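What follows is calculated from the coordinates using simple rules that are stated; it is not laboratory data. What you are looking at is a predicted structure, and each value in this text was computed from that prediction instead of being measured. Ideal geometry is used to build each Cβ from the backbone, glycine not excepted, and the neighbour counts take in all protein chains shown.
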Amino acid sequence: MKNDELLRRDLIVYVLNDSATRDEILHINHDDFKADYFTHACTETAIRRKYYWLKMLKEMTKYVCICSDYQRVQVHHHKLYEKLMFISSESVNSFHMMIMNFIINMLSAKNLYIEKTSDAILIMINKLIKHAIYISTIKDLNIEKLVNLL
């Protein structure tokens, strides 16, 4: 041991199981106002140069994840967008791009176009072009009537 009575290997100090000391090391190496809050990798590199303790990576990850200042100032990156491509009608089965849903048990209303009362709405949504069609109908609809509606 040297005169400072720290447990060392080369120049790296072994930090005992003292949460206050570890938190201070994490604070000094992560919350540096000159560095604009280091990322997880930069914090890990800075600490590993000088210190070591058991489960160090787990504690660093937890510290960086709960650091509210870092979460506020970090830059979020997203995957680059690809160029727009033409989608041919042969390559896409249009029926698989449709979503169909019913809203039933509505108040009865007279439909002026078919001159019948309706108590349901058929909703057709094309996922590909994000187009919705609302069809006024009855809730006791069978397959033949549905095909006639479409």
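Give me the number: length gained by fully extending SER19 to LEU57, i.e. 0.36 nm times residue separation minus the C-alpha to C-alpha distance, one decimal in nm.
Full extension from SER19 to LEU57 adds 12.2 nm.
Which entries of LYS110/LYS130; LYS62/LYS130; LYS83/LYS145; LYS83/LYS130; LYS58/LYS79; LYS83/LYS127 show an alpha-carbon separation above 31 angstrom in the structure shown?
LYS62/LYS130; LYS83/LYS145
Once phi is turned into ³J(HN,Hα) by the Karplus curve 6.51 cos²θ - 1.76 cosθ + 1.60 with θ = phi - 60°, what whole-Hz value does each residue of the stretch 141-150 show in order, with x for glycine and proline?
9, 9, 4, 4, 5, 5, 4, 5, 5, 7
Name the residues whose placed amide hydrogens come within less than 5 Å of the amide hydrogen of VAL13, ignoring near sequence neighbours (fewer than 5 apart) on the same chain.
It is TYR51, TYR52, by chain and number.
For the pair LYS79 and ILE99, what calculated FRET efficiency results from E = 1/(1 + (r/R0)^6), where r is the Cβ-Cβ distance and R0 = 35 Å, to the nearest 0.05?
The value I calculate is 0.85.
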